[in-house]
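J.: Take a look at this one; I'll ask things after.
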Amino acid sequence: MLDYMNQGGSIMWIIGALSLIAAAIAVERIIFFHKASTDPEKLEAAFGKAVSAGDVKEAWRVAESSDSSMNRLFKVALTHWNICTEDMKLLTEQQIRREIYRWEKHVYILEMIGKIAPLLGLLGTVLGMVEMFQSLHIGGQISAATVTGGIWKALFTTVAGLTVAIPTIFVCGLLNSRIDSEDETLRRGADFLLREHIAAGGGKYGGTQK
């Protein structure tokens, strides 16, 4: 592997660095997605039961049972439970934007790497071809072995660029799909909170009291 990297030149090392960055971001995002996820139906059922029963402590216990994005949304809503319904709607929309921002963090870097890696690979191949033909021109003697060997080495970077780009784009697509799903889940959770807020008359829990 080290021999291939050296034959590919500086472009190959850049592509290798990008692959490590993409892998690190992908792992970090997958771990975050796991921690920030929860079962929305179970959470809504437990929270709705507590609100309907007027059990403030239980409502807070349910909201603080996890640090998922849905739980964070519920905690913000419960903290400001005494505001009017229109303000509650604005509050939940703002919180959803904050949460989606957390989910989208660093994903754009994967998109950039997916686009840049194959271009860098192509650049490395072109530079390798230029170097090969320049050396052949200076040497004055051309053989099939020399030409094919030079092309073979020059194509290393193209292969490396595509090898990095394809899985990166695939993972990026999966992450974006999961973000869209979470956005829809949070919006449904906000609708649930608004219904519960209206049913409870708003202000029943006295704002930040637990």
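The values are calculated or read from the model by the stated rules, or taken from the named source; none is laboratory data. These figures come from a predicted structure and were not determined experimentally. Glycine also receives a Cβ, built like all others from the backbone with ideal geometry; neighbour counts cover every protein chain displayed. Accessible surface areas use protein heavy atoms only, side chains included; no ligands, DNA or RNA. Shrake-Rupley method; radii C 1.70, N 1.55, O 1.52, S 1.80 Å.
J.: Roughly what would the spin-label model give for Ile166 and Cys84, points 7 Å off Cα along C-beta, in nm?
T.: Result: 5.9 nm between the two label points.
J.: Then there is this: Quick check for you: with a 1.4 Å probe and neighbouring chains kept, what is the accessible area per residue of region 67-123, in Å²?
T.: Using a 1.4 Å probe on heavy atoms only, each residue of region 67-123 averages 51 Å².
J.: Grab every C-alpha pair in region 88-131, bin the distances at 10 angstrom width from 0 up to the longest one, and report whole percents.
T.: With 10 Å bins starting at 0, P(r) equals 24, 24, 20, 15, 11, 6, 1.
J.: According to the square roots a ≥ b ≥ c of the eigenvalues of the Cα gyration tensor, what is the shape class of region 1-90, taking rounded for a/c under 1.5, prolate for a/b larger than b/c otherwise, and oblate for the remainder?
T.: Prolate.
J.: How much length is gained on full extension from Ser52 to Met129, taking 0.36 nm per residue of separation minus their Cα-Cα distance?
T.: 20.4 nm
J.: Let me ask something else about it. Would you work out the relative contact order for region 19-132, in percent, from Cα pairs under 8 angstrom that are 6 or more residues apart?
T.: 27
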